[in-house]
1. Give the carbon-plus-sulfur fraction of the accessible surface of region 57-190 in %, rounded to a whole number; probe 1.4 Å, heavy atoms of protein chains only.
2. Using 0.36 nm per residue of separation minus the Cα-Cα distance, give me the extension gain between Ser71 and Asn133 in nm, one decimal.
3. Kindly state, to the nearest 0.05, the FRET efficiency for Asp125 paired with Asn180, given R0 = 22 Å and r defined as their beta-carbon distance.
Amino acid sequence: MENAADALQMAAAVLIFVVALTISINAFSQARSVSSEVLSYNDREYEYTYVEENLNPDGTTTTKRIVFLESIVPSIYKAYKENYKIVFDDDGNTSTISASNILGNDGIYRIKDEGGNDVAVYTIDLQNEVLGNETQKEQFIMSILYGDRYPEYNTVKDRFRQNLGIYLNNRGIYDKIKENGTLNGLEESLGIYYQEETPSQSGEIDTPEEESSVPDNNRTIKRVITYSIPQY
């Protein structure tokens with residue numbers, strides 16, 4: 001009898017373990033399903049936002065679109081959150097980047113060249129800025145967006161100048177675009193390249209002269225958003 005009781009207890013323990021394991025597997029499966037569904041919705045939103053054809057005033061269609069600050073600011077946050085590259089260029093021909101009509105002669109921020117002269121930068125690429133941590137990246141984005149209206153601006157400005165050689169502007173991108181931007185908005189176009197390759201400075205899809213030796217499956221996709229003055 002005693003052996004039978006022990007056997008029943010062991011069987012009950014095994015049954016409880018199996019039930020618990022089944023519940024855990026189902027929970028993980030549901031979590032994975034929800035995660036995949038969220039990513040799927042994000043992908044569809046991305047495709048809708050950037051790839052759907054838009055109608056130009058002359059009746060032609062294009063995958064580019066005209067946007068205003070309410071769309072530009074979230075895209076700049078993507079540079080921080082999703083490793084995007086943002087390019088501002090007056091005419092959209094990014095072989096030579098200059099956006100003085102959009103952002104003024106001091107650009108998004110400034111750096112010093114070898115001769116000690118100020119050079120305006122019109123791109124945002126956190127891969128190139130080599131910012132140390134997530135907090136520093138967020139401070140950088142907030143400072144270039146809002147300038148001295150950002151509460152931590154003065155502290156961040158001095159730290160970036162001393163440690164990184166980045167000279168922030170008192171007037172941020174938001175105010176510059178609001179004051180200098182055209183009433184018709186800015187034209188947004190999307191490009192893509194592999195981060196392991198070295199493309200030209202372009203908002204369009206680039207084809208580097210030398211292919212990277214890294215297999216495609218292991219390469220990191222870099223997306224580029226270019227903002228320019230509409231050319232009609």
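1. Ligands and nucleic acids excluded, carbon and sulfur give 43 percent.
2. Stretched out fully, the Ser71 to Asn133 stretch lengthens by 19.7 nm.
3. For R0 = 22 Å, the calculated efficiency reads 0.50.
The values are calculated or read from the model by the stated rules, or taken from the named source; none is laboratory data. Please read all numbers here as calculations on a predicted model, not as lab measurements. Cβ: placed from backbone, ideal geometry, glycine included. Neighbour counts: every protein chain shown. Areas reflect the complete protein model, heavy atoms only, side chains present, ligands, DNA and RNA absent. Shrake-Rupley method; radii C 1.70, N 1.55, O 1.52, S 1.80 Å.
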